[in-house]
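The values are calculated or read from the model by the stated rules, or taken from the named source; none is laboratory data. Source: prediction; values computed, not measured. All Cβ positions, even for glycine, are placed from backbone atoms using ideal geometry, and neighbour counts span all protein chains on display. For accessibility, only protein heavy atoms count, side chains too; no ligands or nucleic acids. Shrake-Rupley method; radii C 1.70, N 1.55, O 1.52, S 1.80 Å.
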Amino acid sequence: MDAFYASVMIRDRPELHDAPVVVGGGHRGVVLSANYPARRFGIRSGMPGTQAQRLCPHAITMAPDFGLLTPVSRSIMDTFRSVTPVVEVTSLDEAFLDVRGARRLLGSPTVIAERLRSRVRAEHGITCSVGIAASVSVAKLASRQAKPDGVRVIAPDRFVAEVHPLDIGDLHGVGEATRRRLHRIGLVTVGDVAAIPVEQLRRMVGNHLGSHLHALVWGADRTQLRPGGAGVFGFGEGEPESSMGSQHTLAVDVGDRHVLHRELLSLATRVAGRARAAHRRGRTVALTVRFSDFVTVNRSRTLTEPTDVSLEVHATAVDLLDQLLDGLGPRARRVRLVGVRLEGLQRTHDGDTRQLAFGERDPGWPDADRAVDRAVGRFGSTAVRPASLIGHGRRA
DNA sequence: TCTGGGGTCCTAGGACCC
DNA sequence: TCTGGGGTCCTAGGACCC
C-alpha cells in the first residue's frame, strides 16, 4: 500500500487529501506514515516526530487507529488470497504473492497486478504499488520504484542493466550499517559488490553475510514464499512465533527503581497475557533497558520450565533489572525505555500444568491469571489488574 | 522536544558434556 | 606429562525489516 496508515486514516476526509498529514510522531515518538503532501516537506516514516514538526509545523498529526486499519488490511490480504494461496504477509500493508500458478487462469503478472490494484482502489479507496520480479528482494526493489500508484517489472534478463548501477544500500536486506561498511571499502554500487568473487566477499564480511550479499547482487535470493506469514495478525496463521514482547518509552527518563518495577509489571502482565491468549509459554525472559544516552542493553534468563504466569515473568524481569542497575555502581543512569520479552515460545496443550519444582508449593498464580483473563475478556483490559498499576496506567 | 514498537536472524564466547 | 574434537545450550550484542 502507498502510505497505508495515512491513506486509510484520511480516506473519508477528502478535505485532508491535499494537506500534509502525519500518522504517529507525538511526544518522543516517530512518524509511522506520512502522506505524499507531507513527504514534499521531507517528512519520512521512521523520522522523530519533533523533526517532522520542524519540517512542516502546519502538518496535521494523528494517532493510528488500528480498529480502522486492521480490518482494511485483513480485507486486502483476502483479496490477494483470491488470486493465489501462496501469499506471504509481511506487515499490515505489504505482502508477497507467488502468481506462477495463476497465470493460465488470470493472465500475466502485470495483468494480475492491475486487477489487484483496481480492486484495492475500488473497495478501500486507497492506492497501492506492485513490483514484479523472479525473487523476493528484486520484487521488493521494483515495488519501491513503482511507488506511488504504479507497477514496475524487473525481468531477470534486465536485472544487471537496471539494478547494478544502483547504490548497494538500495537492496532489500542491506541496511545502513552494511551500506556504510561496504562504502568504506570502496564498494558503492550493486555492480561493485557483484564484481567481487563470493569467496573473497565471505572473507571480507563473514560467511553468511557474504553469501547473502552475493545472492542479492545477482538477483538470486529467495524464490519460495512462506505462506501465512508471521504474527502480523497474531497466531493462527503460519508457524508460531518464537518470541513476543512489549516495550515502552517512558514519558520522561526515570531513575526511580520502583517506578521502573511498576512499568515492568505493566509490560509483564501484557506479555504473559498475550502468551496465554495464544496458548504459548516461554522459557526465557528477556529485559531491554535503554538509558537516557540511548545506549541499549539486553539481559535474559532462561528458566527451568516455560512460563506464562504474569508474576513469574515480572519477578524475573525485576531481578534482571536490579542486577543490571546494581552492576552500574554509584553512577546512576536514567532509563528511557524498558521492555520485556518472552522467548523460546512453545505451544501449550489443554490440561498442561506447569511442572512444580521439587518441594515447591503451587502458589496459585496460574489460576489467578486465568481468572483475570476471563474478567478482562468480558469487561475489558482495565477490569482487573494489579493494584499497583491502578492510577498509574496508561494501560493495564 | 532528537531518535517507537513489533519482530527475525546471525555471531561469538563460555560452560558443559562425551 | 601437557592438554582434541564435536556437540548443545545460554547469554549478549548487532543487523535488519516494516
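If you plug the beta carbon distance of A:ARG28 and A:GLU123 into 1/(1 + (r/R0)^6) with R0 = 30 Å, you get a FRET efficiency near 0.25. Centre-to-centre separation between the Cα atoms of the range A:284-332 and those of the range A:86-118: 44 Å. Working note: Karplus 6.51/-1.76/1.60 with θ = phi - 60° gives the range A:154-162 the couplings 10, 6, x, 6, 9, 4, 4, 5, 8 Hz, where Gly and Pro are set to x.
In Å², and per residue, what accessible area does the range A:243-389 have when probed at 1.4 Å with the other protein chains present? About 55 Å² of surface per residue is accessible.
Expressed as a whole percentage, what fraction of the accessible surface of chain A belongs to carbon and sulfur atoms when a 1.4 Å probe is rolled over the protein heavy atoms? C and S atoms contribute 52 percent here.
For the pair A:THR296 and A:HIS279 in one chain, pulling the backbone fully straight at 0.36 nm per residue adds 3.1 nm over the alpha carbon distance. To the nearest 0.05, what FRET efficiency results for A:GLU15 and A:ALA220 with a Förster distance of 56 Å applied to their C-beta separation? Taking R0 as 56 Å, the efficiency between A:GLU15 and A:ALA220 is 0.70.
If R0 is 25 Å, what FRET efficiency do you get for A:THR50 and A:ARG144 from their C-beta distance, rounded to 0.05? It comes out at approximately 0.40. Distances between placed amide hydrogens fall under 5 Å for A:THR307 paired with A:GLY282, A:ARG283, all partners being 5 or more residues away or on another chain. Annotation for A:LEU105 and A:ALA63: the two label points, set 7 Å from Cα along the Cα-Cβ direction, are 4.3 nm apart.
Classify the range A:120-243: rounded, prolate or oblate, from the alpha-carbon gyration tensor (a ≥ b ≥ c, eigenvalue square roots; a/c under 1.5 rounded; otherwise prolate if a/b is larger than b/c)? Oblate shape, in that a/c is at least 1.5 and b/c is the bigger or equal ratio. Computed from Cα positions, the angle between helix A:257-277 and the longest principal axis of chain A comes to roughly 70 degrees. Taking a ≥ b ≥ c as the square roots of the Cα gyration tensor eigenvalues, with a/c under 1.5 meaning rounded and otherwise prolate when a/b beats b/c, else oblate, which class fits chain A? It is prolate, given that a/c is not under 1.5 and a/b is the larger ratio.
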